[in-house]
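Structure record follows, encoded as structure tokens.
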Amino acid sequence: MMAQQDLESISQTKYLSAENYIQYRAIMRVFFQEHQKMHYQLDKKALMPLLHQFSQLQAYTEETLNSDLDQLVAWKNLTPIQDPRKAYTISDFKNRQYQYMMTQAALEVERMATALENLYTRTVGLSSHLFYRLQGQLRQIDQLGELPLKQVNAWWQDLQEDFTRLSQSHQDYLQKFYSPTAENRMDAAEFVAYKQRLIHYLEEFIQELQRNTLQIASQLETVTAERRDEILERILQSELEIPRPEAEKRENWQEELRARNLGVWQSLCRWFVGNESTANQVMEVTNEVIRRVVQNAAFLVQMQNVSVSNKAELQHFLRLFSQCRDMKEAHCLSSQVFGAQQARHYCAVGSRDEDRIDLSTYEEAPADFALEPRIRTYKPRMDRSGFADKGAEKERERALVLQRQRYIRQQVQRYIQNGVLDFDSLQEPVSREIRTVFLSWIAHANLSPDGKGRTEYGQAFTLHTHGSKTCRLQCEDGELTLPSYFFQFEEEPHE
């Protein structure tokens, strides 16, 4: 589970979007540039001329600089260092003659901001030398047990950096072909000349990828799970040898290091090993890019040829129009060339006498379709008509229902002998309807505290059992096992 502090706001990045972000960013950019020159500490006197070099800060004052520096210190971007040697009076000492230096977190934020500014000007390509570097590093796996921990840590860092560069480079390069601007570039006429070099470049990358992926995958597959755990444990020991401040040692920080290293190793295996590996996906995506490039180039060439043929055809039509004797003849020629200028199209779904696709519209039988106004206030006219008398039909249905109920009652009474209905003595299979009636009587009696009930025919009964025995009731659709019940009826049914 992630610690709560991992999801808190990062105060060192607030200056990037604060209200006075131009002033804050200028100050931090000056500190970053001077830090790269190994000039780590700056005071206010050294800062002012450097800030005035920005066109937006020509009127920047020292009072504003004091408040901005205090805010950056509060955000933990700068660390103030007071130099008592420069305080010649008590007032100088009280006026905080500080020198400032960037914190480590602020350095990382400025590096990120600089990388974002140069993101689209960075040259990205598909290089195969990283495959060879990864192969060379994986060959040293068997020697890790003999190497010092510092060299093990250096080996692990190099492996991670090369793998990260490999993954990032192919993503950054291939995503250019799936951006909205890529479609515009592929539709340009200059793309035809650029196509051949691009295809050759991508094909060389695929060949190197196929050749090296199998070798790296075989190297990774030789590492067993036990050997992998030994390697990761050795790497963890090399990382624990690096001195760390106590503030960085959070709860379970060693387990976090172990889980991160395991994740890197698993990602490396997923990239190269298996049919569903990322390397195979990269090859499929690259082949798709090549297919799109060839298809777009062929389409551009075809469009160029079409435009040439269309130009000659239009010139021919213009000569025909110029030779028309009158406006009527020109209208006839226009209808043949451009079609009807004013047309109304109707779409309707109706039955056809024939399903022939070559049947002309004029050969179809005429059909009528009711058109309705397309306005919100339109309501269709209601056809008022009387209700049909269905009394005779209802009487027939009622007679059938009553006849079926009488039949079921007669069948039920056949199983009652001398006021007793014993399931254990029934030999004739009962129908599904009769069984439903018997089960409803049993349920009705079991819900009664004294085991008594009354049938739908008015007969009162009491439910009894022959001890704990069970019986089998033969039915037309199977056999039902139930306790050995029998009904004792108190009176004859009412007619």
Legend entry - Per-residue HN-Hα couplings for the stretch 395-401 [Karplus 6.51, -1.76, 1.60; θ = phi - 60°; Hz; x = Gly/Pro]: 4, 5, 5, 5, 5, 5, 5
Inset, instruction - Return Tyr457, Tyr24 ranked ascending by Cβ neighbour count within 10 Å, so the fewest neighbours appear first. - result: Tyr457, Tyr24
Inset, instruction - Kindly put Leu371, Leu473 in sequence by how many other C-beta atoms sit within 10 Å of each C-beta, fewest to most. - result: Leu371, Leu473
Inset, instruction - With r as the distance between the Cβ atoms of Gln254 and Asp142 and R0 = 22 Å, compute the FRET efficiency 1/(1 + (r/R0)^6) and round to 0.05. - result: 0.25
Legend entry - Simple spin-label estimate for Phe387 and Glu490 in nanometres, 7 Å along Cα-Cβ: 4.4
Legend entry - Pair Ala115, Glu19: separation of 7 Å Cα→Cβ label points (nm): 3.2
Legend entry - Sites Met38 and Val73, calculated FRET efficiency, Cβ-Cβ separation with R0 22 Å, nearest 0.05: 0.50
Legend entry - Segment Arg29-Ser55, length gained on full extension (0.36 nm per residue, minus Cα span): 7.9 nm
Legend entry - Backbone HN-Hα couplings from phi across the stretch 23-35 [Karplus 6.51/-1.76/1.60, Hz, Gly and Pro as x]: 5, 5, 5, 5, 4, 5, 5, 5, 4, 5, 5, 5, 5
Legend entry - Interchain or long-range residues, amide H under 5 Å from Asp43's placed H: Tyr100
Legend entry - Long-range HN-HN contacts of Cys471 with modeled amide H, under 5 Å: Leu482, Ser484
Legend entry - Potential lengthening between Gln157 and Lys469 on full extension [0.36 nm per residue; Cα-Cα distance subtracted]: 104.3 nm
Legend entry - Length added when fully stretched, Gln410-Arg291, from 0.36 nm per residue minus Cα-Cα: 34.7 nm
Legend entry - Rounded Å value of the spacing that divides the Cα centres of the stretch 415-460 and the stretch 26-88: 100
Legend entry - the stretch 318-331 - phi-based ³J(HN,Hα) in whole Hz, Karplus 6.51/-1.76/1.60, Gly and Pro as x: 5, 5, 5, 5, 5, 8, 5, 6, 8, 5, 4, 5, 5, 5
Inset, instruction - Rounded to the nearest 0.05, what FRET efficiency do Glu204 and Ser267 give with R0 = 25 Å and r taken as the Cβ-Cβ distance? Could you check? - result: 0.45
Legend entry - Distance between the stretch 264-289 and the stretch 339-366 - C-alpha centres, whole angstrom: 54
Legend entry - Which of His464, His345 has the fewest Cβ neighbours within 10 Å, and the rest in rising order: His345, His464
Inset, instruction - Go from 0 up to the bin containing the longest alpha carbon distance in the stretch 411-489, width 5 Å each, and give me the % of pairs per bin. - result: 3, 15, 28, 29, 19, 6, 0
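Every read-out reported here was derived from the displayed coordinates using simple, explicitly stated rules and does not represent laboratory data. This is a predicted model, so every value here is computed, not measured. Cβ sites come from the backbone with ideal geometry, for glycine too, and all protein chains shown count toward neighbours.
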